[in-house]
1. Going residue by residue through the range 458-469, is there one that turns out to be under 30 Å from Ser390 (Cβ atoms) and surrounded by 13 or more Cβ atoms within 10 Å (Cβ to Cβ)?
2. Could you list, in sequence order, the residues of the range 610-658 that are basic (Lys, Arg), under 21 Å from Ala786 (Cβ atoms) and not in a loop (DSSP other than H, G, I, E, B)?
3. Looking at the range 564-606, which of the residues that are surrounded by fewer than 24 Cβ atoms within 10 Å (Cβ to Cβ) and among the β-branched types (Val, Ile, Thr) is farthest from Met827 (Cα to Cα)?
4. Residue pairs, Cβ under 8 Å, 6 or more apart or interchain, first in the range 259-273 and free of Cβ contacts under 8 Å to residues at least 24 places away in the same chain, second part of a loop (DSSP other than H, G, I, E, B) and surrounded by fewer than 12 Cβ atoms within 10 Å (Cβ to Cβ). List them.
5. With the checklist (1) closer than 17 Å to Asp723 by Cα; (2) among the small types (Gly, Ala, Ser); (3) in contact with a His (Cβ under 9 Å, 6 or more places away or on another chain) in hand, flag the one item Ala667 doesn't pass.
6. Out of Thr807, Thr814, report the one residue that is polar (S, T, N, Q), within 26 Å of Gln506 (Cα to Cα), modelled with pLDDT under 75 and surrounded by fewer than 22 Cβ atoms within 10 Å (Cβ to Cβ).
7. What pairs come out if I take residues in the range 194-215 that are small (Gly, Ala, Ser) and pair them with residues that are part of a helix (DSSP H, G or I) whose C-beta lies under 6 Å away, six or more apart or interchain?
8. Within the range 350-359, is even one residue assigned to a helix (DSSP H, G or I) and under 29 Å from the mean Cα position of the chain (by Cα)?
Amino acid sequence: MANYVKISNYPKGMIYQYDVELTPERGKFTRLPPPSYTRAIFDQAMRMHRQSTLKGIPMVYDARKIAYAPQPVCNQGETLKLEVKYTEEGRAENFVVQIRQSAVIDTSLLTEYLRGGTGVDIADIQPILTAFDLAIGSVIHTEMVGFGRSFFTRVQSMKTSSGLELWRGFSFSFRPGIDQLYLNVNTAVTAMYTPGSLLDALTSLLGLRDPNMLRGAITPNTVRQIGSFLRGLMLYVRHRGIQGKRKLTAKGMTSKPLDKESFEWEDPNNPDSMETITIARYFQKRYNITLRYPFLPGLVGRRNSIFPIEMCEIVDNQRFKGKLDEKQTADMVRFACQKPNNNMERISNVLNQLNLGSSPVVNSFGLTIPAELTKVESRILPAPVINYGSGSRPPSMTPSDGAWNMRDKCVLASGRPLRHWAVLILANRSMVPENRAQAFISMLVQICNQTGYPIENARPVIMYGNQNADINNEMRAACKNIRLPAGEAPQLLLVVLPSTNTQVYQMVKNYAYTTLGVHTQCMQAKHIQRPNPQYCANLCLKINVKLGGSNQSLVASSMQQMLHRKPTLFLGCDVTHPAPGEQGKPSIASVVGSTDFMGLRYAATLIQLPSRQELVEKLQEAIVRHLKLFFKGTRTKPQCIVFYRDGVSETQFAQVRDRELLEIQRACASVEAGYSPEITFLAVLKRHNTRFFPLGRDGDRRTGNCVPGTVVDRAITMPSMFDFYLFSHSAIQGTSRPTHYYVLHNDARFTADEIQQLTYHLCYTYAICTRSVSLVPPVYYAHRVADRARCHLVDMGAGFEEASSATSGYYGGTGTASRAPAADPRMATKVIKIHSLLDESMYFM
């Protein structure tokens, strides 16, 4: 069963698209208010004018600047002006809603696309799908709080830390299938701000028990933390003298507490008399309010007005767009984790509850939507045979349920024997005594030697360092204590961290990658306190790969057959962007390429891009490097290139494929005139809302998910593309998500069976895992590389919106709400250099 509803009927005529402009009585908006506000004004205009001016024709609105109607509401070139009075929190305001026709959309394009017509691209039908999405969204908005195509409710919500709570909900979007239109419905969760006292939220955010503990706790660092929490957050401010509730969006905080921050004030009861007065004293004299926490700074709002934090409340129904911390992420995973049959039941229930098919608005757009999910055909690919080293018993095996273990197994090929290494313990001696550390090292050495990776120095230097000191100096000192023969460099630093402190981890990796040029293996102190052979075996796999070894492989003859017996270079590419709210940070493109015939060993290239840019500049330079590294490792030029590209949306496929395919071709031609290997280009999508629920006994008996090797390439796949969904892993918990692969270019003429089997079998070669993974390894490695790259980028901060020059006395954080200008050197496109001693290794594992 797929989480798709088969649309019985959709319109075959025209849909009318309109530009919408909302103008308040007091003048134009400098920027649009939140979608909930603009939608409320538009809905009020519809209620007032639908039966008169709009002739009973419903309109659906995206809460920004576009609306759709199933029939024309005005003539082409005409502008409708709908006057509306909107009241919120007791405050009434007049608006004019201007509507002007911008396009007439022929829905026959959708029919042509669903039939696989070659002249229609997915971008051509996107406005039609958007109109349908908005039509059903207008119905769902009456039941739930909506953000784009996702809708949530506080029913069954869960509180988490730092002033947030978790809500359940659903995503709804129309999707094209083969000869059929579908509605995709999936479960969703999101983090929301807990409405109520801002003071309580900030106390929780900073981990304090009582607001009085905020005294002295507001430092530049905590201002940055508060800034991330408050960015874009709408607040109510309540105090006497103002009727009802006034809305506020904070730009910054005062640099002084309210009992120290002062300004020149003319008392209305004593005209022509100016006095210097503190904010705290002003509230006492003006509103007869004695502030309970005058030692706190104030919030700076529009026109540099200042409000006490204790007077502010968080407005209801606001989504948190920042990055969740470790505890919140763990809570989110637990909250979201639902078995497949539970998710399927929730989706069926919400379809019955909403009864979209009975909505007059939905019907006016010609849509017939039943409330039942669709069955699709699938098949299961056989698992590959995995090879280990010759000392294994047995050396070959076929995994069951996507997992196996290392018992009686040796690595396929060992890396350089470990001679020159040290242990740096960044936890205190009471947590990790030296005798315990030595006992753990002895077990690690024993397990590594048993597993076929030789550690020749069983008693490395053990040094204690301070995680709060200069990490660079601590690592350099540990390396200096390694006895090195002339011309040799340190091979490995085993770094023991006291906790999962991300900042310390990033500093360790930053210095190792850029300055010291030594492989690092980080671990938590708790594992030394309770040595475990399985944990040591996992460390062994990572160390072996970093030092040039390979842990397992597919059978060579099987690999050759899948690759048409042609030397093949596997490439993976991903672009990662700054998290929401992170301003002034670049995007990172990572390109990894195999350096052997079996696709086991990879090298990485990193490219810094302007913030949020998806197209990879300097790709040609990166591909040239990987062609040369493949030749260096195999003494052969690849005759075939398989390029897996992640991070591209369906509407960007054509643009990215054309641009990056050309870059690959140019790279090949620049290496040698006339050199033109076969190129197969696949887009990889992991972030999508398609889910499958196995029926009867076809699923995993433990979790109820689809078993590894399950492929769906019919009915709900794209009508004009060569694409498939693949479950290549066994989910440990929750509902597993298939990976969606699109073959966008296929010089090698792989059949569907061949490319599906190749992709699935590669998922058993992920270097540090005894499980098949959910994502093809070249892309998985590219993810890891990009993640590691953030360790050695300067932290550019994420503060409030920068205040204007008039507010230079306020904390503004170090970030800005606007996109960094292209001329900013921090945004310049460049290849990021890794230390030469690590550059060709799998340092990122």
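1. Step one: filter the range 458-469 for residues under 30 Å from Ser390 (Cβ atoms), giving 458-460.
Narrowing the set further to residues that are surrounded by 13 or more Cβ atoms within 10 Å (Cβ to Cβ) leaves 458, 460.
Yes, the conditions are met somewhere in the range 458-469.
2. Of the residues in the range 610-658, the ones basic (Lys, Arg) are 612, 618, 625, 628, 632, 635, 637, 645, 657.
If we keep only those that are under 21 Å from Ala786 (Cβ atoms) too, we end up with 612, 618, 625, 645, 657.
Those that are basic (Lys, Arg), under 21 Å from Ala786 (Cβ atoms) and not in a loop (DSSP other than H, G, I, E, B): Arg625, Arg645, Arg657.
3. For the range 564-606, the residue satisfying everything is Thr595.
4. Listed pairs, sorted by first residue: Glu266/Asp272; Glu266/Ser273; Asp267/Ser273.
5. Of (1) closer than 17 Å to Asp723 by Cα; (2) among the small types (Gly, Ala, Ser); (3) in contact with a His (Cβ under 9 Å, 6 or more places away or on another chain), only one is false for Ala667: (1).
6. Values: Thr807 fails: within 26 Å of Gln506 (Cα to Cα).
Going through Thr807, Thr814 in turn, just one is polar (S, T, N, Q), within 26 Å of Gln506 (Cα to Cα), modelled with pLDDT under 75 and surrounded by fewer than 22 Cβ atoms within 10 Å (Cβ to Cβ): Thr814.
7. Nothing qualifies.
8. Taking the range 350-359 and keeping what is assigned to a helix (DSSP H, G or I), we get 350-354, 356-358.
This time we only want the ones that are under 29 Å from the mean Cα position of the chain (by Cα), so: 350-351.
Scanning the range 350-359, I find at least one residue that is assigned to a helix (DSSP H, G or I) and under 29 Å from the mean Cα position of the chain (by Cα), so the answer is yes.
The values are calculated or read from the model by the stated rules, or taken from the named source; none is laboratory data. Everything numeric here is computed off the predicted structure, so don't read it as measured data. Every residue, glycine among them, receives a Cβ derived from its backbone with ideal geometry; neighbour counts consider all protein chains shown.
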